[in-house]
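The values are calculated or read from the model by the stated rules, or taken from the named source; none is laboratory data. Keep in mind the model is a prediction, meaning the values are calculated, not measured. Reconstructed Cβ throughout: ideal geometry from the backbone, glycine too, with neighbour counts over all protein chains shown.
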Amino acid sequence: MVNVTLQPLTRAQIEQIYTDHMIADFPENERKPLKMILASWEAGWYECLGLFRDEELVGYTYLVGLDGKYLIDYIAVFPEVRNLGLGSQLISLLNSYLGGSSVVIGEVENPDYTDDAAEAQLQHRRIGFYTRNGCRDTGLRVECFGVHYIILEAGDSHCGSLDETWKLYESFYSRFLPAEKVAKHLARD
(Lines give C-alpha, C1' and ligand atoms only; values in the text may rest on other atoms or scores of the structure.)
Protein backbone atom coordinates (compact mmCIF):
# COMPACT_ATOMS: atom_id res chain seq x y z
CA MET A 1 0.00 0.00 0.00
CA VAL A 2 1.25 3.48 -0.87
CA ASN A 3 1.65 5.90 2.03
CA VAL A 4 0.77 9.51 1.14
CA THR A 5 1.70 12.27 3.60
CA LEU A 6 1.88 16.04 3.79
CA GLN A 7 5.17 17.27 5.29
CA PRO A 8 6.91 20.63 5.77
CA LEU A 9 9.48 21.35 3.07
CA THR A 10 13.09 22.38 3.57
CA ARG A 11 14.54 25.50 2.00
CA ALA A 12 16.33 23.35 -0.61
CA GLN A 13 13.06 21.59 -1.50
CA ILE A 14 11.24 24.94 -1.82
CA GLU A 15 13.94 26.21 -4.16
CA GLN A 16 13.90 23.00 -6.21
CA ILE A 17 10.10 23.01 -6.52
CA TYR A 18 10.24 26.62 -7.68
CA THR A 19 12.80 26.01 -10.43
CA ASP A 20 11.64 22.54 -11.47
CA HIS A 21 7.86 22.81 -11.10
CA MET A 22 6.31 26.16 -10.19
CA ILE A 23 7.71 27.82 -13.28
CA ALA A 24 5.86 25.23 -15.38
CA ASP A 25 2.79 24.89 -13.13
CA PHE A 26 1.93 28.59 -12.82
CA PRO A 27 2.15 31.41 -15.37
CA GLU A 28 4.53 34.24 -14.55
CA ASN A 29 1.73 36.67 -13.66
CA GLU A 30 0.52 34.22 -10.97
CA ARG A 31 3.93 33.36 -9.54
CA LYS A 32 5.52 35.26 -6.67
CA PRO A 33 9.29 35.71 -6.84
CA LEU A 34 11.22 32.97 -5.05
CA LYS A 35 12.86 35.62 -2.86
CA MET A 36 9.41 36.73 -1.60
CA ILE A 37 8.33 33.14 -0.94
CA LEU A 38 11.51 32.37 1.03
CA ALA A 39 11.35 35.62 3.05
CA SER A 40 7.70 34.91 3.97
CA TRP A 41 8.52 31.30 4.87
CA GLU A 42 11.46 32.43 7.03
CA ALA A 43 9.19 34.98 8.74
CA GLY A 44 6.99 32.08 9.83
CA TRP A 45 3.63 33.05 8.34
CA TYR A 46 4.01 31.22 5.03
CA GLU A 47 3.89 27.42 5.07
CA CYS A 48 5.40 25.28 2.33
CA LEU A 49 4.21 21.68 2.43
CA GLY A 50 5.13 18.76 0.21
CA LEU A 51 2.96 15.85 -0.80
CA PHE A 52 5.01 12.67 -0.45
CA ARG A 53 4.11 9.26 -1.84
CA ASP A 54 6.19 7.02 0.36
CA GLU A 55 9.48 8.99 0.29
CA GLU A 56 8.95 10.56 -3.15
CA LEU A 57 7.92 14.23 -3.42
CA VAL A 58 4.96 14.31 -5.84
CA GLY A 59 3.22 17.64 -5.16
CA TYR A 60 3.08 20.72 -3.00
CA THR A 61 0.91 23.39 -1.44
CA TYR A 62 1.92 26.79 -0.08
CA LEU A 63 -0.23 28.62 2.46
CA VAL A 64 -0.47 32.16 3.79
CA GLY A 65 -1.42 32.11 7.48
CA LEU A 66 -3.11 34.90 9.39
CA ASP A 67 -4.63 34.44 12.86
CA GLY A 68 -5.84 30.88 12.26
CA LYS A 69 -7.09 31.67 8.74
CA TYR A 70 -5.38 30.51 5.56
CA LEU A 71 -5.11 31.33 1.89
CA ILE A 72 -4.06 28.39 -0.28
CA ASP A 73 -1.52 30.28 -2.35
CA TYR A 74 -0.32 27.40 -4.55
CA ILE A 75 -1.36 23.79 -4.91
CA ALA A 76 -0.18 21.30 -7.52
CA VAL A 77 0.67 17.69 -8.20
CA PHE A 78 3.64 16.97 -10.45
CA PRO A 79 2.59 16.32 -14.07
CA GLU A 80 4.07 12.82 -14.24
CA VAL A 81 1.75 11.61 -11.44
CA ARG A 82 -1.44 13.51 -12.30
CA ASN A 83 -4.72 11.63 -12.78
CA LEU A 84 -3.83 9.05 -10.12
CA GLY A 85 -6.02 10.53 -7.38
CA LEU A 86 -3.10 12.31 -5.68
CA GLY A 87 -4.72 15.74 -6.06
CA SER A 88 -7.79 14.57 -4.16
CA GLN A 89 -5.53 13.03 -1.52
CA LEU A 90 -3.67 16.34 -1.26
CA ILE A 91 -6.93 18.23 -0.67
CA SER A 92 -8.00 15.66 1.94
CA LEU A 93 -4.67 15.83 3.77
CA LEU A 94 -4.75 19.63 3.62
CA ASN A 95 -8.27 19.68 5.10
CA SER A 96 -7.04 17.50 7.97
CA TYR A 97 -3.91 19.62 8.42
CA LEU A 98 -5.96 22.83 8.58
CA GLY A 99 -8.91 21.27 10.41
CA GLY A 100 -8.74 23.68 13.35
CA SER A 101 -8.68 26.75 11.10
CA SER A 102 -11.63 29.09 11.11
CA VAL A 103 -11.37 29.95 7.40
CA VAL A 104 -9.49 28.46 4.45
CA ILE A 105 -9.81 30.12 1.05
CA GLY A 106 -8.21 29.63 -2.33
CA GLU A 107 -8.14 31.19 -5.78
CA VAL A 108 -9.06 29.55 -9.08
CA GLU A 109 -8.90 31.34 -12.43
CA ASN A 110 -12.24 32.64 -13.64
CA PRO A 111 -12.95 31.11 -17.08
CA ASP A 112 -15.20 34.06 -17.97
CA TYR A 113 -12.07 36.10 -18.72
CA THR A 114 -10.37 34.02 -21.38
CA ASP A 115 -11.02 33.91 -25.12
CA ASP A 116 -8.98 30.72 -25.47
CA ALA A 117 -11.40 27.75 -25.56
CA ALA A 118 -8.75 25.24 -24.42
CA GLU A 119 -7.76 27.47 -21.49
CA ALA A 120 -11.43 27.97 -20.51
CA GLN A 121 -11.96 24.20 -20.59
CA LEU A 122 -8.91 23.66 -18.34
CA GLN A 123 -10.15 26.35 -15.91
CA HIS A 124 -13.61 24.73 -15.78
CA ARG A 125 -11.95 21.36 -15.07
CA ARG A 126 -10.00 22.92 -12.18
CA ILE A 127 -13.19 24.39 -10.71
CA GLY A 128 -14.86 20.98 -11.06
CA PHE A 129 -11.92 19.28 -9.33
CA TYR A 130 -12.11 21.64 -6.36
CA THR A 131 -15.89 21.40 -5.99
CA ARG A 132 -15.76 17.58 -6.22
CA ASN A 133 -13.27 17.74 -3.36
CA GLY A 134 -15.47 19.78 -1.05
CA CYS A 135 -14.55 23.36 -1.94
CA ARG A 136 -17.36 25.87 -2.28
CA ASP A 137 -17.73 29.10 -4.22
CA THR A 138 -17.82 32.09 -1.84
CA GLY A 139 -19.38 34.29 -4.53
CA LEU A 140 -16.39 36.64 -4.40
CA ARG A 141 -14.71 37.52 -7.69
CA VAL A 142 -11.41 39.38 -7.66
CA GLU A 143 -8.72 40.68 -9.94
CA CYS A 144 -5.20 40.22 -8.59
CA PHE A 145 -2.27 41.53 -10.65
CA GLY A 146 -4.41 41.34 -13.79
CA VAL A 147 -5.64 37.77 -13.18
CA HIS A 148 -9.34 37.22 -12.53
CA TYR A 149 -10.15 34.69 -9.82
CA ILE A 150 -13.11 32.97 -8.21
CA ILE A 151 -12.55 32.67 -4.45
CA LEU A 152 -13.38 29.28 -2.99
CA GLU A 153 -13.59 28.15 0.62
CA ALA A 154 -12.38 24.74 1.75
CA GLY A 155 -13.01 22.28 4.52
CA ASP A 156 -15.54 23.15 7.20
CA SER A 157 -14.76 26.86 7.10
CA HIS A 158 -17.26 29.57 6.25
CA CYS A 159 -16.07 32.99 5.17
CA GLY A 160 -19.17 35.01 5.96
CA SER A 161 -20.34 37.89 3.79
CA LEU A 162 -18.72 38.97 0.54
CA ASP A 163 -17.37 42.07 2.31
CA GLU A 164 -15.81 39.93 5.07
CA THR A 165 -14.30 37.58 2.50
CA TRP A 166 -12.91 40.51 0.50
CA LYS A 167 -11.33 42.06 3.62
CA LEU A 168 -9.76 38.71 4.51
CA TYR A 169 -8.44 38.28 0.96
CA GLU A 170 -6.92 41.78 1.05
CA SER A 171 -5.34 41.06 4.43
CA PHE A 172 -3.53 38.00 3.06
CA TYR A 173 -1.94 40.07 0.30
CA SER A 174 -1.12 42.81 2.80
CA ARG A 175 1.28 40.31 4.37
CA PHE A 176 3.36 40.39 1.18
CA LEU A 177 2.85 43.87 -0.16
CA PRO A 178 2.74 47.50 0.99
CA ALA A 179 -0.72 49.09 1.13
CA GLU A 180 -0.24 51.11 -2.07
CA LYS A 181 0.52 47.92 -4.07
CA VAL A 182 -2.47 46.15 -2.58
CA ALA A 183 -4.69 49.08 -3.56
CA LYS A 184 -3.18 49.20 -7.06
CA HIS A 185 -3.18 45.47 -7.88
CA LEU A 186 -6.20 43.99 -6.05
CA ALA A 187 -9.81 44.74 -6.89
CA ARG A 188 -13.21 43.14 -6.57
CA ASP A 189 -14.74 42.12 -9.89
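Do the conditions hold for Leu63, that is, is it on the phi < 0 side of the Ramachandran plot and out of contact with any Phe, Trp or Tyr (no Cβ under 6 Å at 6 or more places or on another chain)?
For Leu63, the condition - on the phi < 0 side of the Ramachandran plot and out of contact with any Phe, Trp or Tyr (no Cβ under 6 Å at 6 or more places or on another chain) - is not met.
So which residues in the stretch 93-120 are surrounded by fewer than 18 Cβ atoms within 10 Å (Cβ to Cβ), under 21 Å from Tyr62 (Cβ atoms) and among the polar types (S, T, N, Q)?
Listed by number, the residues that qualify are Ser96, Ser102.
Answer yes if at least one residue in the stretch 147-154 is surrounded by 15 or more Cβ atoms within 10 Å (Cβ to Cβ) and among the aromatic types (Phe, Trp, Tyr), and no otherwise.
Scanning the stretch 147-154, I find at least one residue that is surrounded by 15 or more Cβ atoms within 10 Å (Cβ to Cβ) and among the aromatic types (Phe, Trp, Tyr), so the answer is yes.
Would you point out the residue of the stretch 11-31, among those that are modelled with pLDDT of 95 or more and closer than 25 Å to Gln123 by Cβ, that is surrounded by the fewest Cβ atoms within 10 Å (Cβ to Cβ)?
Filtering the stretch 11-31 for residues that are modelled with pLDDT of 95 or more and closer than 25 Å to Gln123 by Cβ, the one surrounded by the fewest Cβ atoms within 10 Å (Cβ to Cβ) comes out as Asp20.
Restricting to the stretch 57-84, and then to whatever is assigned to a loop (DSSP other than H, G, I, E, B) and of a type in the set (D, E, K, R), can you tell me which residue is nearest to Phe129 (Cα to Cα)?
So, considering only residues that are assigned to a loop (DSSP other than H, G, I, E, B) and of a type in the set (D, E, K, R), the one nearest to Phe129 (Cα to Cα) is Arg82.
With the checklist (1) at pLDDT below 95; (2) more than 22 Å from His21 (Cβ to Cβ); (3) over 12 Å from the mean Cα position of the chain (by Cα) in hand, flag the one item Pro111 doesn't pass.
(1)
With the requirement that a residue be over 18 Å from Gly106 (Cα atoms) and acidic (Asp, Glu), what does the stretch 29-69 give you?
Passing the criteria: Glu42, Asp54, Glu55, Glu56.
Based on what the data block shows, is Gly87 small (Gly, Ala, Ser), at pLDDT below 95 and either in a loop (DSSP other than H, G, I, E, B) or farther than 26 Å from Leu162 by Cα (or both)? Quick ask: steps written out before the conclusion?
Numbers: small (Gly, Ala, Ser): yes; at pLDDT below 95: yes; either in a loop (DSSP other than H, G, I, E, B) or farther than 26 Å from Leu162 by Cα (or both): yes.
Taking the combined requirement at face value, the residue satisfies it.
Any idea which of (1) surrounded by fewer than 16 Cβ atoms within 10 Å (Cβ to Cβ); (2) within 21 Å of His158 (Cβ to Cβ) is the one Lys69 doesn't satisfy?
It is condition (1) that Lys69 fails.
Looking at Ala39, Ala76 in this structure, which one is among the small types (Gly, Ala, Ser), farther than 30 Å from Ser161 by Cβ and within 12 Å of the chain's Cα centre (by Cα)?
Ala76 is the lone residue from the list that is among the small types (Gly, Ala, Ser), farther than 30 Å from Ser161 by Cβ and within 12 Å of the chain's Cα centre (by Cα).
All but one of (1) in contact (Cβ under 8 Å) with a residue 60 or more places away in the chain; (2) closer than 24 Å to Tyr46 by Cα hold for Val142; which doesn't?
So Val142 meets the others, but not (1).
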